[in-house]
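The values are calculated or read from the model by the stated rules, or taken from the named source; none is laboratory data. Quick caveat: nothing in here was measured; it's all calculated off a predicted structure. Virtual Cβ from ideal backbone geometry, glycine too; neighbours counted across all protein chains shown. All accessible areas refer to the heavy atoms of the entire protein, side chains included, with ligands and DNA or RNA removed. Shrake-Rupley method; radii C 1.70, N 1.55, O 1.52, S 1.80 Å.
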Amino acid sequence: MAAFPVGKLKCIFFSEFHPQAGPKITYQVPDDYISRELFDIFSVYIIPKPELQDKLITVNVKQGKVIGWPSCIRDDKYARNEYLFNVCFVCDSTTDVSSYETLVKKLSAYFTTLELECAFLSNEETKCRVPDILEKLLSHLNEFGKCSVPINDSNTIHLKIVPPTKEPQSVLEHHVPMFLCSKEHYENNQWDLTTQQILQYIDGVNHVQRIAVEADVDLNLVKICLQNLLYYGVITIVPIFQYSNVYMVQPSINTLMENTQLQRECIEYVTLPGHNPPTLRSVMLLYSSLCPGMTVRDLCMRHNPRALNICERHLIQFGVVKGLIRRLHKYPVKLQTADGQHNGQHNAGRNLDRWMQGKLNFDEICCGTGMSHKDLDEQVEKDVDVSVCWK
Amino acid sequence: MSSKVTPLSIILVSSGSKGYRLLFRYPFQAEEQQKLVKRDQSDNPFALQTPEDDAYTSSTSQSSTRQSCIISGELDNVLANILTPSNTDLCDQRFEVTVDDVKFVGHPLLVQDVNAKWRANSSTREGSTINMFNVVFVLQASADWSLVHCYQDLSKRLALALKHEEKRCGYLSHQAVIMVRAEDEVAGQPEDCKESPFHLMLHRSKLTQDLRDVYEGLHTNGIARVYINNWIEVSFCLPHKVHNVSEVITIKHNGIEKSLGAIRPYHAMLLLEDPNTLRASLPRDCSPALHRIIHIATPLKRLQQLSQDADLALSQVFQLVGHLVYWGKATVIYPICGSNVYILSPNAPTSPGTPLDFEFRMKFGESLIKVLSDFSLPLPLSDHRNRLAERERPEGELIRIVMWLLQKRLLIQLHTYVFIITNPTLAKKSSSDDLEREVSTPPSESSPVTRGRATPQGSGSGQGSGLGENLSFDSDEYSVSTGFTSFDSYSMEEGRGHPRRKVLDMLTEHLTKEEKSSVLAIPHANNPEDIKLFARICPYLRGMHHLEEIMYYENVNRSQLYALLEKFRDVLVTCSHQDAASVQYKEFL
C-alpha cells in the first residue's frame, strides 16, 4: 500500500467556555475559517458535558472534520469553578485523521500544563500569544510535518505527524533483506550500533540466519533491527535465491511493457557486469517463461540467460521487488494413512513429520531443521504419504 | 469472524417536544453481569471491549478486556444528547461522531413537518411528538470510511422507511410511545427486581424487533432484511462481511461496481449456494427472470449462452448476475472447460484437518490435500480428467470438485496473454534459435477441437439441476448464434479488393513502424491467410487480453490461434498469469 500523503490541516482553533457567552472560538487560524453559525452547529461536541471531557472527539461537519480533546481544569479561582477549553484541528472530511489524533491529545496536554504552571490561558497577557502559537503550528505542520514552538523557559511544544503505516511483515530466518536504494546512502551513523554492525552484510544474497552468524550478532537482535529498517522502508524482504525456486508471473508484468522508465531500470539492473545490455525481448522472454513447475535451474538450462547478458539472480530479484513475479512456495504435507505400521518403516523420515503439517514451506523447514533443500526434497520424494502443494 | 466490520450496537434516538431520548438500543443483555466487572476495571466508559471469542482479541489491543459503556447504559442520556444533533443543519446528511474508541454513524432525519399535519387529525396522542430521529450504528473508531458509508446508507434506508411510515400512519410515534411506556413501567418497579426496559420493549414493539433483526443479521451473515411496519422492505448487504474480506483489505468505495463492470459475455456464473436453497430464500416478489436464471445457470455455460437459454436480453443477464454477485450468492468465472489451467490460490489451506478438508472428505471421500497437490501444477483440466480416470472416478466428479474448489476460492485460473515485442536484431536472426523455441509453449492441446463446431451446444442446456453424471466438457469453442464465420469463408469474401492493402492498414493502425516491419519480415507473413488473421488479432497484442477473450471477440478457435502464435513466435511473447481484471475482483469475492 502506497503511503498516501496525510491530508493538510485546514484550520486550528482554540475554543473555550466563556462564563457569560458560553462556548466560543477565541482564536483561530486562518481567521474566520469557522463562522459563528457553523460553530454553533457542533459546539456541543467541542465543549461537551462532563462525561465526554478528556476524550478524543471527532465530528464530521459539512465538508470538514473537527478533531478535539475537550479539557477541563477545576479550580476555585475560575468564574464557574472550572475552566473548559479545547484546541481543535480541522481538515477535510476525506482525510484520514488517525495521524492527527495523537497530536491533538498532546497539544491539549501542553496547554493544560501551561495553564496549571503559570496560568498561561487565564492571564490575558500571555493568552494573547495563543494565535501566534496556532499560526506557527499550522504552517509548520503543513509544511514540514513537525514543529517545535518554544513557549517559556520550561515548555516547548514539540509535535510531529507520524503517517499511518501498517506493521511491517515479520522477519524470519530464511528471509533475505535487500536495500531499496543505494546502500551508501544509508551508511552513516544515524543507526544504532547493532544495525551498523549488520548493515554491511545486507546485500540481497545473505539470509537472516547467515547475517547473524557473519556479523556475530544474536539472531533475534538481527531480526529486530531488520524489522526496524523494514518499517522505515529502507530495505525490503525477498525470498532467498535458490536455483530450485519457482516463480510465476503476475499481471503487473504489463507495467514493464508500458513504463519505459521501469524498462530502463530493469535492463540496467539485470545486465551481467561488463556485458552489453540485453534486449527487452530477452528479458520479457525469461520472465514470461517463469511459471509453476519451472525452477530457476530449468530456466537457466533452457534459455541460458548468461548468453543473453542477463544475470538470473538480478532478474529474479528485480521481478520480486517490483512485484512483476511472485514466488511459489512448496508445502510438503504428510497425510495420515490408515495403516500405522507403514510409517514405522522409515525411521529417518519420522522426525520430519511434525514439520510437514502443511503450514511450513520448504524454506522454513530447511532453516528449522538445518537440512539442505536437496536432502529434504529426497525425503519428500521417498515418502509416498507426503503430498506436495505449491502456492 | 470479522468483528471489525460488524456493529457493536444499534441505537435509536429521537428528539422532540420532550427533549432528546434514547429509545432503544441493542444488544443490552450484557449489562447485568458486566456492570460490576466494569466499574473497577474501566475508568473510561468509551473504552471498548470486544467479546472473548472474537478473533482479533488476541491482538495487543490494550482496551480489549473492558466493557463498553454504550452497552451498559450509564451513558444513555449523554448518548441521546450527542446523537441527536440539536441543529437542523446536521440533519438529512451523513452523521459521524467518534469518541475515543467508538464511532457513531447514522443519518438523522427531521419529521416535524409531517408530524404537524398528522397531529392535527389525531389528537389522542399523549403530546409526545418526535421532531427528529436517528438510527445509529456503533462501530469501532478504526472503521474505514467505506464501511462508515455503508452503515450510513443502511441508516438512511431505515430512516427513510420510518419517516414514510410516520407520515402515513404515525408509526414511529406510536412505537416510541410503547417504548417510553415500557421504560416508565420498569422505572416504577422496585429496585431489586428490575429487568431491562429494552427487554420489555422487545416483547411489545415491532420496531425494536426489527432493529434487533438488523443487528443480528449483520452479525450472522452481513445481510439485513426487515419489513418496517410489515410494509416497507428494507434490505441491505454489507459487502465487507458478505464477501468474507479479511480484515486487512480495504474495499474501495467503488470496488464492487468496478468488478461488476469486468463481467464479460464469455464469463459464466458459479452459484455459491445450492440453487434450490437460494431460490427458496428469494423474496416472494422478486423477478421471475431471477428464478429462471438461477434454475438454468451452470458454470459450464457462458453468460451469452445463458441469455439465449433463458430468453433474456444479455444486459438483463448481466444485471441479474451482478445482483447475485453483489449479494454474495454467486461469483463469476471463466466457464469450466478442458483447456482451462488452474493453480492453487495463495490462501488455500494446506494443512490437514481444517474445516474445509473435513467438508471435502464428506463430499468427495478424499483428502483435500491430495487434490490440492494435484492442482499444484498448471495442467489443463482435460489432463486432470485423464488422471482421474485412472482412479476410476466418474467424469462428472472432476467438474464437481473443480466447482467446489472454485466456490471456496481455492483455485485461481491462469490465462495466456500475448505481447508483441520485436527484436532489434531480428533481421540477422541466426544464433537465437534455441531462445525462440520457448516463445510459445501452448498447453498440450495437440488434438484440435473437433466437436465444438458440430454439436449444437444448446442441446444439453435445459437441465440445470441435474449437475450429475452427464456433466462433461469438451471445448470452449464458441458457436456464436450469428453462425460460425469460418476464417476461410471470411477471407474468401473479403479477399477480392485489395486484401494486402487492408491488412497493412490494420497493422499500421495498431503497431509501431518497427513492429510492423518485423512482422512483415517473418516468412509466414507472405501467406495471405496468416497475415490476415494476424492483422485481426493485432489489437490484442499488448498483454491486456487473454487468448479466450481474443477467441471470443474475433471468433477464432483455439487451434487456429495457437498455430498463428507459433508461426509468428519471433515477434511475440506469451505469458501466463491470473486474469488482471479478476485480481482486484478476487480480493473480495
Within the stretch B:311-365, of all residues that are farther than 23 Å from B:Glu548 by Cβ and among the β-branched types (Val, Ile, Thr), the one surrounded by the fewest Cβ atoms within 10 Å (Cβ to Cβ) is B:Thr354
Take A:Phe179 and tell me if it is among the aromatic types (Phe, Trp, Tyr) and farther than 30 Å from B:Ile343 by Cβ. yes
Expected single match for acidic (Asp, Glu) and facing chain A (nearest Cβ under 9 Å) among B:Asp374, B:Asp357 is B:Asp374
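Conditions tested, residue by residue: (1) within 11 Å of chain B (Cβ to nearest Cβ); (2) part of a helix (DSSP H, G or I); (3) not β-branched (Val, Ile, Thr).
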{"position": "A:Gln261", "(1), (2), (3)": "no, yes, yes"}
{"position": "A:Pro273", "(1), (2), (3)": "no, no, yes"}
{"position": "A:Met284", "(1), (2), (3)": "yes, yes, yes"}
{"position": "A:Pro292", "(1), (2), (3)": "yes, no, yes"}
{"position": "A:Arg297", "(1), (2), (3)": "no, yes, yes"}
{"position": "A:Arg302", "(1), (2), (3)": "yes, yes, yes"}
{"position": "A:Ile316", "(1), (2), (3)": "no, yes, no"}
{"position": "A:Gly319", "(1), (2), (3)": "no, yes, yes"}
{"position": "A:Gly323", "(1), (2), (3)": "no, no, yes"}
Filtering the stretch A:372-390 down to residues that are within 16 Å of A:Leu328 (Cα to Cα), within 14 Å of another protein chain (Cβ to nearest Cβ) and open to solvent by 30 Å² or more (accessible area, probe 1.4 Å) yields A:Val388, A:Trp390
Residue hits (the stretch B:551-569; open to solvent by less than 20 Å² (accessible area, probe 1.4 Å) and either within 14 Å of chain A (Cβ to nearest Cβ) or touching a residue at least 40 places away in the same chain (Cβ under 8 Å) (or both)) are B:Met551, B:Val556, B:Asn557, B:Arg558, B:Leu565, B:Phe568
Result of the Cβ filter at 8 Å on the stretch B:75-87, keeping first residues that are within 10 Å of chain A (Cβ to nearest Cβ) and partners that are at pLDDT below 80, at least 6 apart or interchain, is B:Leu75/B:Pro45; B:Leu75/B:Cys69; B:Leu79/B:Ile70
Of the listed residues (A:Phe120, A:Phe89, A:Phe85), the one being touching a strand residue (DSSP E or B) at 6+ places or on another chain (Cβ under 8 Å), more than 14 Å from every other protein chain (Cβ to nearest Cβ) and not basic (Lys, Arg) is A:Phe85
Checking A:Tyr232, A:Tyr243 in turn, the sole residue that is open to solvent by 30 Å² or more (accessible area, probe 1.4 Å), within 27 Å of A:Tyr201 (Cβ to Cβ) and in contact with a Ser or Thr (Cβ under 8 Å, 6 or more places away or on another chain) turns out to be A:Tyr243
Among strands (runs of 3 or more DSSP E) completely within the stretch A:18-135, the ones holding 3 or more residues that are open to solvent by less than 10 Å² (accessible area, probe 1.4 Å) are A:57-61, A:64-68, A:82-92
How many residues of the stretch A:189-229 are open to solvent by 10 Å² or more (accessible area, probe 1.4 Å) and within 23 Å of A:Gly319 (Cβ to Cβ)? The answer is 5
